[in-house]
1. So what does log10 I(q)/I(0) come out to for chain B at q = 0.10, 0.14 Å⁻¹, using the Debye formula with one equal point on every Cα and no solvent?
2. Give, as a single signed number, the net charge of other residues whose beta carbon lies under 14 Å from the beta carbon of A:Gly398, with Lys and Arg counted +1 and Asp and Glu -1.
3. Helix-only mean residue ellipticity at 222 nm, chain B, DSSP H runs n ≥ 4 weighted -39,500 (n - 2.57), per residue, nearest 500. What is it?
4. Which ³J(HN,Hα) values, rounded to whole Hz and listed in residue order, are derived for the range B:226-240 from phi using the Karplus coefficients 6.51, -1.76 and 1.60 in 6.51 cos²θ - 1.76 cosθ + 1.60 with θ = phi - 60°, glycine and proline given as x?
5. Using only the heavy atoms of the protein chains and a 1.4 Å probe, how would A:Met222, A:Met325 rank by accessible area, largest first?
6. Considering amide H positions built from the backbone, and no H for Pro or chain starts, which residues 5 or more places from A:Leu182, or on another chain, come under 5 Å of its amide H?
7. Of B:Tyr225, A:Tyr324, A:Tyr277, A:Tyr211, which has the most accessible area with a 1.4 Å probe, and how do the rest follow in descending order?
8. Got a number for carbon plus sulfur as a percent of the range A:53-314's accessible area, 1.4 Å probe?
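The values are calculated or read from the model by the stated rules, or taken from the named source; none is laboratory data. Fair warning: this is a prediction, and the values are worked out from it, not measured in the lab. Note: ideal-geometry Cβ built from the backbone for every residue, glycine included; neighbour counts use all protein chains shown. The area values use the complete protein model at the heavy-atom level, side chains included, leaving out ligands, DNA and RNA. Shrake-Rupley method; radii C 1.70, N 1.55, O 1.52, S 1.80 Å.
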Amino acid sequence: MSTAPTRPADALRQGDRPAEARPGAAARTVGGVAGWVDDRTGAAKPVGYLMKKVFPDHWSFMLGEIAMYSMIVCLLTGAFLTFWFVPSAGHTIYDGSYVPLRGVSMSEAYASTLNISFDIKGGLIIRQIHHWSALMFIVALVVHMFRVFFTGAFRKPREINWAIGSVLALLAIIEGFAGYSLPDDLLSGTGIRAMQGFVQTAPVIGTYLVYAIFGGPFPGEMIIPRLYSAHILLIPALLVGLFTAHIGLVFLQKHTQYPGPGRTEKNVVGFPVMPVYAAKAGGFFFIVFGILALISAVVQINPIWAYGPYDPSAVTAGAQPDWYMGFADGALRLLPGWLEFEIFGYTVSMNIFPGALLLLPLVYVVLGVYPFLERWVTGDNREHHLLQRPRNSPVRTGIGMAAITAYSVLLFASGNDIMAIKLGMSINDLTWFFRIGFFVLPPLAFWVTKRICLSLQRRDRDTVLHGRETGTIVRTPDGRFFERHDTELTPDQWILVQHEPVAPLELEPAVDENGVARPAARKDRLRARLSRFYFADAVNPVTPEELAAAHYHGEEHEAIEPSETSASGGAAPIESAEAGRH
Amino acid sequence: MNALAARRRHPAAIAILIILGLFLTGAVYAALAPKPADATTRALPAQSVEEGKALFRANCSTCHGLNAEGRATGTGDQIAGPPLAGVGAAAVDFQVGTGRMPLPRPDVQAPANNEIKFTQDEIDSMGAYIASLAPGPGVPSEEAVDPTKGDAARGGELYRVNCAMCHNFAGAGGALTRGKYAPPIEGVSGRHIYEAMVTGPQSMPVFNDANLTPESKRDIIAFLYTIDEAESPGGMPLGSLGPVSEGLFAWVFGLGLLVASAVWIGAKSA
Ligand code: HEM
């Protein structure tokens, strides 16, 4: 049939105007299927626009991708788990193939997880991939956040995307907690029990909240089905929705790029999505999936059969939450017991409440509002598409390191018992070390980081002003020796001078020219003080005048090249702001 | 009947009731409580007491005193060794048989030691000597610690309720206060597990036969043997330490691998 000659009916229409005059011409070149789709949806134009988008290339831009792929792997494997998982606290006696638990009474949730692990083909590896990719999802997300923070990628116009990212981070750990609590093993039950205790410390309403969440007293029959709908429906829907918005904004606002020759606030230097970037990204998905599968194939995770079924009267040494909840657990381990007191016959559990209920939202709110705070302090309302080198923003970099230090102290504190046995130390000493460390180490980290940044900046200035030492000793005709310094700025040294000079905000006078006090003066004073905190000892890049002056005093025989080097992006195409805006 | 009803509110009535109740409970307990079954302990030959005494005086008396009455170090209320009357042959068999005694030097805790200083006969003699001072738990019989006769699933439940809080779900050990620790119980013989339960070494509580019947103890031994022998499903267990080691692995190896591959693919230009 396929080799049949042209039918006469076609010949009848020979004189007709061809139907190709549609805007889908771009897609036609891709292939018949795309054309077919375009004819029915008109998708060619927007898709073509997306395909032509240019993305800058850098490994640190792939951290977000790692998070995205791990999440997708979670979604895929999670769907598999739902086929067999039974979200029920209903009672059953295990008679599956894991001998050490035969005949033990347990919940159906736990029994079905054992089933997935031992009696469903491929169940154990899927469970392990699900859990490992959940851990890696949040690790990658956090490191992605570090990248965005330290390079200043959150500055205008990307504050909203930063805020979305913070919500995603919070949702991710809640999703993880919900998932971790589902199998109803000893550790997940202990986690739910702890959560119940935390909620109870909410002043006044705590007990009522617990009743609402658990549908009655602990543990009840309701909590597992409820966590289940949160874990497989509610939070994934929010995650996927917010994530789509997150990626959409990246497309809309274009990706930032590292400073470099030819890269400006108005262009994007990199590769177009089709074919290069798509091929790389698609390949990278399989690399990430492969690595996750590899880890899951060789390293055990969450051995729920070893923990045993949840039993309110049992606990185990080494009962910790997954790592992303560790900081809250650590805070609880550090809070001293004497913070609990009684007032008007009510117990106020300040030994638990700050770590359990306050810390988590606090961390994520502070995270979410940081860009707005910094913009207010610096008064910088311009758009930024070029990233900053961390050293060129010493105070922000210092703040970031201090925050990471505080978080890490709490995280490590949650492993204090494991450290105690593995390092042969006293758990009491470790707890005190962390308690003091929580207050001492972050300021120290801030100070050290800021000093390092400033000295790196000074070294950059030195390199620009005096050049690199070439090691070449030159002897002048009159017999003097000197070492030649290479002051010519190579294209890759352009990065040393590209950033903007900064200075603290000037304080406007507290009274206006008519001697009337300005109402905003107090706020301004705070702002000026914060601005000084950020910029007072700023080291600014070498200006062309400084450079000229330095060379004037230097050796005359050195030619000075203009520091403005022209674009040398090589084969990489440049997407100009105009081109990207249709 | 009337007279009794009238005195119902007498202040002494409550006290009498309580005493009656206690008495009844005591009587019922005495009648029903599991007796330390003789079949669970191994008999020790009497003639070895003298030999044990000599061994003890030569090796242990510096700390425990010539007649096992205990000794102080002289600094504060610190002891060189506690009195041993009443600890029983089981304690001696456990402490010496796991290499804990003779203690090489004072520390927060006497650690198990692979170098066992005495033959089993010598240990038995010292046990007989200590047991002759005052009655105490004896060394369990072969049958009492035979894992094949226990029910591992029931033992697992008992283990999780009674032991996991200190020794961890997989017997990997856990930290206690001030540098003390519950050691791992992987590869410990059934007899020593049993003796640890009946004698409660150092910070470990005593699980006498009323807390855990001999059958329950055997079930726990069966459970510990099962998890010792089972190869771990799903891959390397990372020390069976729970989420902490998993998190560490994710940050170090997981992130390391993923970032390395990102750098690799990022460096590959078109
Ligand atoms: C997006 C991020 C997600 C994260 C961070 C996450 C995390 C987790 C974690 C930590 C567990 C404990 C599992 C274990 O070790 O067994 C779990 C279990 C589970 N998850 Fe997820 N999950 C995610 C998405 C999903 C999705 C989208 C589904 C379903 C559509 C799903 C279905 C399940 C089921 C059924 C279980 C419990 C059963 C089991 O362990 O066998 N998950 N999840």
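1. Per q value, in the given order, log10 I(q)/I(0) is -0.68, -1.04.
2. After counting each charged neighbour, the total is +2.
3. Working: 12 runs with 128 residues, N = 270.
Calculated at 222 nm, the ellipticity per residue is -14000 deg cm²/dmol.
4. For the range B:226-240, the Karplus-derived couplings read 4, 6, 5, 7, 4, 7, 7, x, x, x, 4, x, 6, x, 6 Hz, x marking Gly and Pro.
5. A:Met222, A:Met325
6. none
7. Correct descending sequence by accessible area is A:Tyr211, B:Tyr225, A:Tyr277, A:Tyr324.
8. So the carbon and sulfur contribution to the accessible surface is 73 percent.
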